[in-house]
Amino acid sequence: MDTTLILILSVALVIAVGAAIWLYTQKRKTEQLRGQFGPEYDRTVAEHGTARVAEKQLEERKERVEQLRLRPLEAQERDEFAGRWKSAQAQFVDDPKGAIVEADRLVGEAMQARGYPVGDFEQRAADVSVDHPRFVEHYRAAHALAQRNEHDAAETEDLRQGMVHYRALFEDLLEAGETATTEARR
């Protein structure tokens, strides 16, 4: 065989192997992100239009949250939050609109107590999606209903659904400990 032909075939083989390795790592990265973020992965892809852009955004979320000083709640804090949640649920009977406002406030306070920044809603949802990906959908749905409530466009049944959605994330925030946070980041 001619040396030039051997060289060309060798280069082609190296390129093919390199491409196969790159495709394999991309597929594994996609599977890992889809596994970690669940439905939030698909929502982010739909929002950004391509998996590549969405995956970059999800990786940035992970890096941002890794820089936060998140902590589990102390038993006393959990008990206080749980008591306030019961009050908000009881308030729902007489004042559903006020109860949803209180539920939103409690979720924000629980997030802040855990160490999440609580500025812009979209940033809060992005941050919480890293460690609580199964509950961020509930948070988004509850927030949308709370927004409708602010414009007097929410019916009592909508507000009840909002309370259910808030409760899902709220309970996870209260129960999530160091182990859960650490495992979610793997």
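Read-outs: derived from the displayed coordinates by stated rules, not from any lab. Remember, predicted model here, so these are calculated numbers, not experimental data. Backbone-built Cβ (ideal geometry, glycine too); neighbour counts: all protein chains shown.
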* Structure fact -> Given (1) assigned to a helix (DSSP H, G or I); (2) over 20 Å from residue 173 (Cα atoms); (3) in contact with a helix residue (DSSP H, G or I) (Cβ under 9 Å, 6 or more places away or on another chain), residue 157 misses just (3)
* Structure fact -> Scanning the stretch 154-177 for residues that are over 14 Å from residue 104 (Cβ atoms) and aliphatic (A, V, I, L, M), the one farthest from the chain's Cα centre (by Cα) turns out to be 174
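From the list 99, 141, 113, 125, pick out the single residue that is within 29 Å of residue 64 (Cβ to Cβ), touching a residue at least 40 places away in the same chain (Cβ under 8 Å) and in a helix (DSSP H, G or I). If you could, list the steps in order and put the result at the bottom.
On the way: 99 fails: within 29 Å of residue 64 (Cβ to Cβ); 141 fails: touching a residue at least 40 places away in the same chain (Cβ under 8 Å); 125 fails: touching a residue at least 40 places away in the same chain (Cβ under 8 Å).
Testing whether each residue is within 29 Å of residue 64 (Cβ to Cβ), touching a residue at least 40 places away in the same chain (Cβ under 8 Å) and in a helix (DSSP H, G or I) leaves just 113.
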* Asked: Would you pick out the residues in the stretch 17-42 that are touching a residue at least 12 places away in the same chain (Cβ under 8 Å) and either under 11 Å from residue 133 (Cβ atoms) or loosely packed, with under 10 Cβ neighbours inside 10 Å (or both)?
  -> 33, 36, 37, 38, 39, 40, 41
